[in-house]
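Q: I'd like to ask some things about the structure below.
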Amino acid sequence: MPAYLQVYAASLVVLTLAVVAGRAALFSSPILTVTLYVAFNGFVVGFAMWAWPQAQARWSSLLGTAAKVVLHVFAGLVATAAARYQVSVALGLPAQDFDLTVGFLAVFLYLPSWVLVVSAVLVLSYVITIPRLLWSVTMGREVQERRFFIGAAHLIGAGGLAVYGGTFFGWAAEDKPALHSTILTLAAIVDYQPAAAYPGLKPGERVRLHENGVVSSVESTPQGIVLHVRSL
């Protein structure tokens, strides 16, 4: 029996134990919750053990290479969108005026975005696989029952990975007030530049010009970087 099937079988045993114990009130609520959590994550681990070699085998093909390119493009777009959101909230100014800051932040958000894209692919597998599983049940053969169990275990594992992936991206992409000063410091370094010859600007002042005659500038103080916004 392959290793992933052994993990699936152990997870099924734990899940069955939790269900039986829950009906018979043998476990307290915290113990039952932990048991179900262990069983659920067992399916996740088993699916990862099965899916990783499958993915590696397919990435080397021409179709797999094309799929990787598409997924990388989507992940890059998602990372850029998430970075723009964080920059605009942190600075209170349009993110499109801070392209370098957005670019640097998108690099850090690329991995969570890639995880989100893969999670979306896993969710799509539900739409495709569930009808096939229901059809296999109606066949009534032992080999079909085995395939049904493996398919159901794959779905539980894929669903778990999708949930974890979406949660990870949500945490990474949400606004974090503790990082506002870091984002402002990054913007002050890479996007704010002196423009002494521009009318209305002071020599040595690091500024960024915005639409409608608005200009923002940064000032280094003992308390950190301070952002000023005014109209010319």
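Values quoted throughout were computed directly from the atomic coordinates according to the rules given, and no laboratory measurement underlies them. These figures come from a predicted structure and were not determined experimentally. Here the Cβ is made from the backbone with ideal geometry for all residues, glycine too, and neighbour counts use every protein chain on show.
Q: For the stretch 43-124, what Kirkwood radius comes out of the mean inverse Cα-Cα distance, in Å?
A: Result for the stretch 43-124 stands at 14.3 Å.
Q: OK, next. Where in the chain are the helices, taken as whole DSSP H runs, whose Cα atoms extend 24 angstrom or more along the long axis and whose Kyte-Doolittle mean reaches at least -1.0?
A: Answer set is 3-23, 29-59, 62-91, 99-139, 142-173.
Q: For the stretch 1-50, how big is Rg over Rh, using alpha carbon atoms and the Kirkwood form of Rh?
A: The Rg/Rh ratio comes out at 1.06.
Q: Among His228, Thr33, Val87, which residue has its Cα furthest toward the positive end of the charge dipole of the chain, with +1 on Lys/Arg Cβ and -1 on Asp/Glu Cβ?
A: Thr33
Q: Can you give the relative contact order of the chain as a percent, counting alpha carbon pairs under 8 Å and 6+ residues apart?
A: Once divided by the residue count of the chain, the mean separation gives 18 percent.
Q: Nearest 5 is fine: what % of DSSP beta bridges in the stretch 82-232 come out antiparallel, could you say?
A: Given both bridge residues lie in the stretch 82-232, the antiparallel proportion sits at roughly 100 percent.
Q: So how long is each side of the chain along the principal axes, counting just the alpha-carbon atoms, biggest first, in Å?
A: 82, 50, 27
Q: Run the helix sum for the chain: -39,500 (n - 2.57) per DSSP H stretch of 4+ residues, divided by residue count, reported at 222 nm to the nearest 500 deg cm²/dmol.
A: Calculated from helices alone, the mean residue ellipticity at 222 nm is -25500 deg cm²/dmol.
Q: Calculate, for Ala24 and Ala57, the FRET efficiency according to 1/(1 + (r/R0)^6) with r their C-beta to C-beta distance and R0 45 Å; round to the nearest 0.05.
A: 0.50
Q: If you build a Gaussian network model of the chain, linking Cα atoms that sit under 10 Å apart, which residue out of Leu77, Leu186, Leu32 swings the most?
A: For the chain, modelled as a Gaussian network with Cα springs under 10 Å, the answer is Leu32.
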